[in-house]
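*Asks:* Starting off with a structure, shown below.
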Amino acid sequence: MEEILVVDGVTKRFGGLVANNKVSFSMRRGEILGLIGPNGAGKTTLFNVITGVYRPDEGRVIFKGEDITGKPPHVITRKGIAKTHQIVKPFNDMTVLENAMVGALFGKRAHQITIGQAKEIARRSLELVGLADKADEFAVKLTLRQKKMLELARALSAEPELLLLDEVLAGLNPKEIEEALEIIKKVKVERDLSIIMIEHVMHAVMNIADRIVVLHFGWKIAEGTPEEVANNPEVITAYLGDPRYALRFVKRKGGGE
Amino acid sequence: MDLSILAINLVNGLLWGIILGFAAVGLTLLWGVMKVVNLAQGEVILLGSYVAIILFTQYGLSPLVGGLAALLVGLVAGFLIYWALLHKLVGKVERITLKIEMSTLLAMFALSIALLNFYYYAFGSEPRGFGLWSIGVPYVRVLDTTIRTNILLADALALISVAIVYLFLDRTILGKSIRAVMQDAQAASLVGINPVKIKLLTTVIGIGLTVFSGFMVLLFEASVTPEIAHKYAPLSFVVVVLGGLGSVVGSLVAGIIIGLIYGFSKVVVSLFNPRISDPVALSTAFIVLILILLFRPEGIFGRKR
Amino acid sequence: MAAGHDNEMGTKGSTLEHYLKSPTLLILVFVVLGILVARIMGMSTLDTIMTVMYFMGIALSLNIIMGFAGYVSFGHAVFLGLGGYAYVLMVYFIKPLADLQNTGYGLGAFLVAVLAGLFAAAVAASVGAAVLRLRGAFFAIATIGLDFTALYLFKAVVPELNPEQFFGAQIILPADRIVEKDLVFNAMFLTLVILLAVNYYIRKSPFGVGLTAIKEDEDAAEVLGVPTTMYKIVAFTLAGFFTGMVGALFSLNGGGVDETLFNLGHSIDMIVMIVIGGLGTVLGPVIGSLIYFELYDLLLVHYPGVNLIILGVIVAIVVLFFPEGLIGLLRKYRVRGVRLRDVLE
Ligand SMILES: Nc1ncnc2c1ncn2[C@@H]1O[C@H](COP(=O)(O)OP(=O)(O)OP(=O)(O)O)[C@@H](O)[C@H]1O
Ligand SMILES: [Mg+2]
């Protein structure tokens, strides 16, 4: 199958800190790729490199066979990559619908659609994520969960081919997580999407991802199926260093999911 | 080029730059600590000038008393400005967003409209000053030129004030808390510093110093008109940006640099066309402002933000 | 934001109908007609009408960058000055342009003003690319710096152009270089109509949506695909262009130009009108400028001397208590189930 994204030797430094260190991986069209790693591993940074927010110090990002390294974010978005923010960034004084319209107007079909069409696209995205009844509210009034879903709706409105989800499940309760996962599965099929998701909710990502890439201190320390990764000693050590996740991981290994 | 002319201009630039640097100290504190850009900077400076002028002309008090009164009035004005304008906008917020920043900008801007027109109303547009008053002899000879004693007095006062402010911020607990808030408001409130108290204190000190500097500006300029607000305000912005937000010493040094640049470009332009030396020299200061903003927005002495 | 009516722009055929139903558009048309009627019936003096149009013009110009994109340009008077000087210098020194400005019922003056506006726009575009990298107060301060740079440069250079005739930086146009005020009115009127149309179009277009997104969160907007840099520069350039045109015609109307056109006071006028009326809408600056004009007059008549002090207090009250201005206040309400926000914008 065709490779939709290739990350090739990406290094990103912040002063002395190396947030991504020669990270390479590739993903096929239609895959769901989990991106995990302890706090500060460099996951969000990698998303920012892929979407052009940061220019990598070394390495390349290739999307659908085209080198997009260093292109500005808005250009990359238009090529078909959309991202949700880990720290939500709603346009507070715009309505929920208008928020999603921005995604539509400047996404894959930027400059080809009218305001009216954008509104339709935005409505559909809101329906998908379950925000349709909030369409006319100001975004500032939403709860955190709703703001996360708005992030998702905005990204979907861009009609991307590759969707980057940065911890959309964080802060949701188990029932909401299930719902969100259903939504993600549904849109993936419906929209023929490829998805990379950063996730700390381990059972969720293990459950939904086809393959998983693990970052630690900027390095890629493992890559493979959920099973392979879960049994990788290096990964376990990395997570054991992070008390927040060690427990969950161990629990899972004990088969208690 | 006649070197003595250059020297005279540079000395004048230096003497003016010290005043300019001190006039911007209050601005840099407000901006650095509270993200409040005092767009009424020029008018607040003039408050000090006019307080001293009234006391001198109406009540016959010595300008030195007037200077002290300016400082006191300034502290009270800071108190009023905080509670009337700033508290509602920045008092309780932890993180000052761009939108809040714009609101404070507009609020201070409203103050500048009111104050400026109050001056026109109360004092008219004619130059006002201390007339022939001077401390001791009116002039001293330096190099081939004379310098007004009042200017030296103003510079001495400015330098002493900067030193006191610096020591206050560096040595006292209150001063240290102000600096702590400047560095990280959230962390500061975690360790128990009351942010409202610090913001109030910063406004009182910042506005107080700015008003006080109006006295020095008056000594330097010999007389002031309301219009002078529009000269000192933008120049203060240049100084703050050059010196780095929140940096008292940076402000003084930047003031001196601007003063010297002004003096120097004035001499250079005079070589070609003496009539236009003053405006060209002033525009140089603003070109410096824009360049600094673009290439080193944290200022020459500031840390990276 | 273009919200509310479902069939808006999307479905063809209903477009005209929609526009007719839009109260915003009706109000705008009403304002324009009002100016015309006042002019033709002689209800106000020509000077008064010109002043109103001037106020409305500068408010609507600045609105493009400040209202929609949220970049408060405190030095926007710089473009007023650039346009004014460009116009006056052109017709002073270039005979064919001086002849042109008297042709076509004001169309000639309009065209020369377009040239002056283009000059201002060129400056806006070139410095915009640089200063628009700055945000918030830094941008505001940078434009002030720009204003003063231009002010002092013009003060230095203009007197040198014709030392015998110019009084410092002041240029008074000789009798054969001015245009009858009736024609200046026509040119200004045309400019204003275009300016209203441009504002309205921006409000209803993807471009306007993009600018609003920039105002709300520039980084998020960029990631969502808004070409933020380009949009900001275009908005700033448009704002500079129209401010320049208004400055040009204002100067022509006054028969000359001097450096006071760069005064921060003019920036104050623009900002206050937008703030009072309501940021980021089309009606805001229109209503704001009418209120400002009335207020200005009223205060001047009833409280001469302290009028501007009171104005400052009013602005402070608006900023502190009604930060979204008049239209912002109204937009929160519903009338018979219809959100005013949808119809007022
Ligand atoms: N703009 C920046 N400037 C400086 N350092 C940064 C910047 N962004 C991230 N970092 C640093 O780079 C490292 C990686 O950060 P990143 O946000 O990519 O981690 P992450 O894997 O997403 O962590 P988390 O799970 O907490 O979201 C961290 O040490 C972080 O402090
Ligand atoms: Mg992260």
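The values are calculated or read from the model by the stated rules, or taken from the named source; none is laboratory data. Here the structure is a predicted model, which means the values were calculated and not measured. Heads up, the Cβs are rebuilt from the backbone with ideal geometry, glycines too, and the neighbour counts pull from every protein chain shown. Surface areas here come from the heavy atoms of the whole protein model, side chains and all, with no ligands, DNA or RNA. Shrake-Rupley method; radii C 1.70, N 1.55, O 1.52, S 1.80 Å.
*Asks:* Contact order normalised by length for chain B, with contacts defined as Cα pairs under 8 Å and 6 or more residues apart; what percent is it?
*Replies:* Values: 514 pairs, mean separation 112.9, N = 305.
Computed value for chain B: 37 percent relative contact order.
*Asks:* If packing is taken as the average number of other Cβ atoms within 10 Å across a peptide's residues, how do C:47-53, B:72-78 rank, most packed first? Before the final figure, lay out the partial values.
*Replies:* Values: C:47-53: 18.0, B:72-78: 20.1.
Ranked by mean Cβ neighbours within 10 Å, highest first: B:72-78, C:47-53.
*Asks:* Moving on to the next point. Given a Förster distance of 25 angstrom, what is the FRET efficiency for B:Val137 paired with B:Leu72, based on the Cβ-Cβ distance and rounded to 0.05?
*Replies:* Working: r = 29 Å, r/R0 = 1.16.
About 0.30, to the nearest 0.05.
*Asks:* Please find, in a Gaussian network model of chain B (springs between Cα atoms separated by less than 10 Å), the residue of B:Ala24, B:Ala285, B:Ala163 whose mean-square fluctuation is greatest.
*Replies:* B:Ala163
*Asks:* Quick one: length gained pulling C:Ala130 to C:Leu33 fully straight, 0.36 nm per residue minus the C-alpha distance? Can you show the working numbers first?
*Replies:* On the way: separation 97, 0.36 × 97 = 34.92 nm, distance 4.00 nm.
Contour length minus the Cα-Cα distance gives 30.9 nm.
*Asks:* How much FRET efficiency would the formula 1/(1 + (r/R0)^6) give for A:Lys64 and A:Glu179, where r is the Cβ-Cβ distance and R0 is 30 Å, rounded to 0.05? Please list the in-between numbers first.
*Replies:* Details: r = 31 Å, r/R0 = 1.04.
FRET efficiency, A:Lys64 to A:Glu179: 0.45.
*Asks:* Enter the mean number of other protein chain beta carbons within 10 Å of the beta carbon of each residue in C:49-62, as an integer.
*Replies:* Values: counts 0, 0, 0, 0, 0, 0, 0, 0, 0, 0, 0, 0, 0, 0.
Taking the mean over all residues of the peptide, I get 0.
*Asks:* Taking every DSSP beta bridge with both residues inside the protein assembly as shown, roughly what % is antiparallel (nearest 5)? Walk me through the intermediate numbers first.
*Replies:* Working: 32 of 48 bridges.
Of all bridge pairs located within the protein assembly as shown, approximately 65 percent are antiparallel.
*Asks:* Is there a pair in B:Lys197/C:Lys232; A:Lys83/C:Lys215; A:Lys79/A:Lys185 whose C-alpha atoms are over 29 Å apart, and which pairs would that be? Mind showing how you got there, number by number?
*Replies:* Working: B:Lys197/C:Lys232 39 Å; A:Lys83/C:Lys215 20 Å; A:Lys79/A:Lys185 23 Å.
The answer is B:Lys197/C:Lys232.
*Asks:* List every residue whose amide H lies under 5 Å from the amide H of A:Leu35, counting only residues 5 or more places away in sequence or on a different chain, with H placed 1.01 Å from N in the peptide plane.
*Replies:* Placed amide hydrogens put A:Met197, A:Ile198, A:Glu199, A:Val213 under 5 Å from A:Leu35.
*Asks:* Please list A:Trp219, B:Trp16 from largest to smallest accessible area, probe radius 1.4 Å, with all protein chains kept in place.
*Replies:* Numbers: A:Trp219 120, B:Trp16 15 Å².
Largest accessible area first, the list is A:Trp219, B:Trp16.
*Asks:* With the crude spin-label approximation of a point 7 Å out along Cα→Cβ, what separation in nm comes out for C:Asp219 versus B:Leu61?
*Replies:* 5.1
*Asks:* Be a star and scan segment B:207-228 for residues whose amide nitrogen sits under 18 Å from the point 7 Å along the Cα-to-Cβ vector of B:Ala156.
*Replies:* B:213, B:215-222
*Asks:* What's the average, rounded to a whole number, of partner chain beta-carbon atoms within 10 Å of each residue's beta-carbon in C:153-162?
*Replies:* On the way: counts 7, 2, 6, 11, 4, 1, 3, 3, 0, 0.
For peptide C:153-162, the averaged partner shielding equals 4.
*Asks:* While we're here: Using modelled backbone amide H atoms (1.01 Å from N, in-plane), which distant-in-sequence or interchain residues come within less than 5 Å of A:Trp219's amide H?
*Replies:* A:Asn21
*Asks:* Continuing with this model, one more query. In terms of the Cα gyration tensor, with a ≥ b ≥ c the square roots of its eigenvalues, is segment B:3-295 rounded because a/c is under 1.5, prolate because a/b exceeds b/c, or oblate?
*Replies:* On the way: a/c = 1.73, a/b = 1.41, b/c = 1.22.
Verdict is prolate for segment B:3-295.
*Asks:* Then there's this: Calculate, for C:Phe321 and B:Arg95, the FRET efficiency according to 1/(1 + (r/R0)^6) with r their C-beta to C-beta distance and R0 22 Å; round to the nearest 0.05.
*Replies:* On the way: r = 22 Å, r/R0 = 1.02.
Using R0 = 22 Å, I get an efficiency of 0.45.
*Asks:* Using 0.36 nm times the number of residues separating A:Val140 and A:Val75, minus their current alpha carbon distance, what extension gain do you get? Could you put the intermediate results ahead of the total?
*Replies:* Working: separation 65, 0.36 × 65 = 23.40 nm, distance 2.77 nm.
In short, 20.6 nm is gained.
*Asks:* Give the accessible area for A:Phe14 in Å² (nearest 10); use a 1.4 Å probe, count only protein heavy atoms, and leave out ligands, DNA and RNA.
*Replies:* 80
*Asks:* My understanding is that a pair violates if its Cα-Cα distance is over 25 Å; which of A:Lys64/A:Lys175; A:Lys134/A:Lys186; A:Lys134/A:Lys175; A:Lys108/A:Lys141; A:Lys147/B:Lys99 do that in this structure? Spell out each step's value before the answer.
*Replies:* On the way: A:Lys64/A:Lys175 36 Å; A:Lys134/A:Lys186 21 Å; A:Lys134/A:Lys175 20 Å; A:Lys108/A:Lys141 28 Å; A:Lys147/B:Lys99 20 Å.
A:Lys64/A:Lys175; A:Lys108/A:Lys141, as the Cα separations exceed 25 Å there.
*Asks:* Once you keep just the Cα pairs under 8 angstrom separated by 6 or more residues, what percentage relative contact order results for chain C?
*Replies:* Details: 532 pairs, mean separation 101.7, N = 345.
Value for chain C: 29 percent.
*Asks:* On to the next question. For n ≥ 4 DSSP H runs only, could you compute -39500 (n - 2.57) per run for chain A, divide by its residues and tell me the 222 nm figure to the nearest 500? Numbers along the way, then the final one.
*Replies:* Numbers: 10 runs with 103 residues, N = 257.
Helices in chain A give a 222 nm mean residue ellipticity of -12000 deg cm²/dmol.
*Asks:* For a quick check, take a GNM of chain B with Cα springs below 10 Å and name the residue from B:Pro234, B:Pro63, B:Pro127 with the largest mean-square fluctuation.
*Replies:* Most flexible of the set in this elastic network: B:Pro127.
*Asks:* Quick one: ranking C:Lys95, A:Lys134, A:Lys185 by accessible area, 1.4 Å probe, largest first, what do you get? Walk me through the intermediate numbers first.
*Replies:* Values: C:Lys95 105, A:Lys134 55, A:Lys185 80 Å².
From most exposed to least exposed: C:Lys95, A:Lys185, A:Lys134.
*Asks:* If you don't mind, there's one more thing I want to ask. Rolling a 1.4 angstrom probe over the protein heavy atoms, how many square angstrom per residue are accessible across segment C:105-169? Intermediate values should be presented prior to the final figure.
*Replies:* On the way: 2420 Å² over 65 residues.
Per-residue value: 37 Å².
*Asks:* Chains B and C: how much accessible area gets covered up at their contact, both sides added, probe 1.4 Å, in Å² to the nearest hundred? The partial results should precede the final answer.
*Replies:* Working: alone 14270 and 15710 Å², together 26210 Å².
The summed interface area works out to 3800 Å².
*Asks:* When only C-alpha pairs under 8 Å and at least 6 residues apart count, what is the relative contact order of segment A:28-109, in percent?
*Replies:* Numbers: 54 pairs, mean separation 18.6, N = 82.
About 23 percent, as a whole number.
*Asks:* Sort A:198-205, B:247-254 by packing, meaning the average of other beta carbons within 10 Å per residue, with the highest value first. Before the final figure, lay out each step's value.
*Replies:* Details: A:198-205: 20.9, B:247-254: 24.9.
The most tightly packed comes first, giving B:247-254, A:198-205.
*Asks:* Simple spin-label model, 7 Å along Cα-to-Cβ: A:Glu127 to C:Ser205 in nm?
*Replies:* Reported label-point gap for A:Glu127 and C:Ser205 is 3.1 nm.
*Asks:* Strictly over 26 Å apart at the Cα level, which of B:Lys231/C:Lys95; A:Lys12/B:Lys35; A:Lys89/B:Lys92 would you flag in this model? Walk me through the intermediate numbers first.
*Replies:* Working: B:Lys231/C:Lys95 37 Å; A:Lys12/B:Lys35 31 Å; A:Lys89/B:Lys92 22 Å.
Listed pairs above 26 Å: B:Lys231/C:Lys95; A:Lys12/B:Lys35.
*Asks:* Among C:80-89, A:229-238, how do they line up by average Cβ neighbours within 10 Å per residue, starting with the highest? All intermediate terms of the calculation are to be shown ahead of the outcome.
*Replies:* Values: C:80-89: 28.5, A:229-238: 16.5.
Ranked by mean Cβ neighbours within 10 Å, highest first: C:80-89, A:229-238.
*Asks:* When you look at the Cβ of every residue in A:80-89, what mean number of other chain Cβ atoms sits within 10 Å? Numbers along the way, then the final one.
*Replies:* Numbers: counts 0, 2, 3, 3, 1, 4, 0, 0, 1, 8.
The mean count of partner-chain Cβ atoms within 10 Å per residue comes to 2.
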